[in-house]
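The values are calculated or read from the model by the stated rules, or taken from the named source; none is laboratory data. Bear in mind the structure is a predicted one, so any value in this text is a computation, not a measurement. Here the Cβ is made from the backbone with ideal geometry for all residues, glycine too, and neighbour counts use every protein chain on show.
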Amino acid sequence: MLELAKAYTKKTGIKVDIQGGGATRGIRDAANGKIDIGGACRVTIEGNKLEANAYQIPVAWDALVVIVNKNNPVTDISFQQLQGLYLGKIKNWKALGGADAPIELYVRRGKISGVGRTLRELVFANFEQKFVATHVVKSSGPLEKGIMKNLNGIGVTGISSAKRRDVKILKLDGKYPSYENIRKGEYVLYRPLYLVIAKNNRDKKVHDFIKYALSLEGQELIRAQGTVPYSEAMSLVMKQLEQYQRASQRGLYQ
């Protein structure tokens, strides 16, 4: 979003003010008109009145990534080990091929953040899954910064922000979250990214920016960040629908 905003301002002279705050804030503030456009990495919560007026436009795919301190010797964990970490079953780095030291798991506060909700969906198929954590933080920024300073720290965040930090991104089941692995669905923790507006938003400037994000130029900027333009991985749409169908059968979605 930062790169899109800079390029759009340079092209049109229209300033785009970018602020953080997470997917929930992006969805809800856009839905009630506090902001023009929100950014989100999760779908709206069905039945939630604060999100009922939100309209989501898919623009890209990215990944959730497992990060550790750059000096941590571990380079790869399995999907099952990731589950074990969050359930509190794996507590020492020796179990992951690291040093004999306690694992300090960082997690996002609450269960409806973009990262927290998506992680519960993809890894546990349970939006109410409880995580056994050492550090509970309010957003991805403190999570990433905490792990940068903590040799024994580990956590999950979005790949776009992780790449801006001095941390190590682990492989998952031997797959690195590269552009091609995300595009092909070979890296399992992929997710769609959305621009969000209110359903009744008719502001031309807002819609012009969205058109720019979806244009060939905008998609090239997205691709340059290692994020996959939505239209380049339509096979993931079918995989995502299959995931929703399986999750619905288990009662995850009503």
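At a glance:
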quantity	calculated
Which listed residue is free of Cβ contacts under 8 Å to residues at least 40 places away in the same chain and assigned to a loop (DSSP other than H, G, I, E, B), from K10, K34	K34
Residue that is among the hydroxyl-bearing types (S, T, Y) and assigned by TED's automatic domain parsing to the domain that holds K149, where the choices are Y55, Y106	Y106
Residue ID - nearest to P192 (Cα to Cα), chosen from residues in segment 79-129 that are hydroxyl-bearing (S, T, Y) and in a helix (DSSP H, G or I)	T118
In segment 194-219, residue surrounded by the fewest Cβ atoms within 10 Å (Cβ to Cβ) [restricted to those that are part of a strand (DSSP E or B) and touching a helix residue (DSSP H, G or I) at 6+ places or on another chain (Cβ under 8 Å)]	A198
Answer residue from segment 78-96, given it is polar (S, T, N, Q) and within 22 Å of the chain's Cα centre (by Cα) and is surrounded by the most Cβ atoms within 10 Å (Cβ to Cβ) among those	Q81
Number of positions in segment 37-53 that are outside any loop (DSSP other than H, G, I, E, B), among the hydrophobic types (A, V, I, L, M, F, W, C) and closer than 24 Å to V237 by Cβ	1
Filtered residue count, segment 141-154, keeping only those that are out of contact with any His (no Cβ under 8 Å at 6 or more places or on another chain) and either more than 23 Å from P192 (Cβ to Cβ) or part of a strand (DSSP E or B) (or both)	9
Cβ pairs under 6 Å, 6+ apart, first in segment 140-165 and in contact (Cβ under 8 Å) with a residue 24 or more places away in the chain and within 23 Å of E3 (Cβ to Cβ), second assigned to a helix (DSSP H, G or I) and among the polar types (S, T, N, Q)	S140/S161; T157/S140
Meets criteria (among the basic types (K, R), farther than 19 Å from L170 by Cβ and not assigned by TED's automatic domain parsing to the domain that holds G226) for R42	no
Residue check for Q245: in a loop (DSSP other than H, G, I, E, B), over 30 Å from D100 (Cα atoms) and either among the acidic types (D, E) or modelled with pLDDT under 90 (or both)	no
V167 being buried (at least 17 other Cβ atoms within 10 Å of the Cβ), under 16 Å from the mean Cα position of the chain (by Cα) and modelled with pLDDT of 95 or more	no
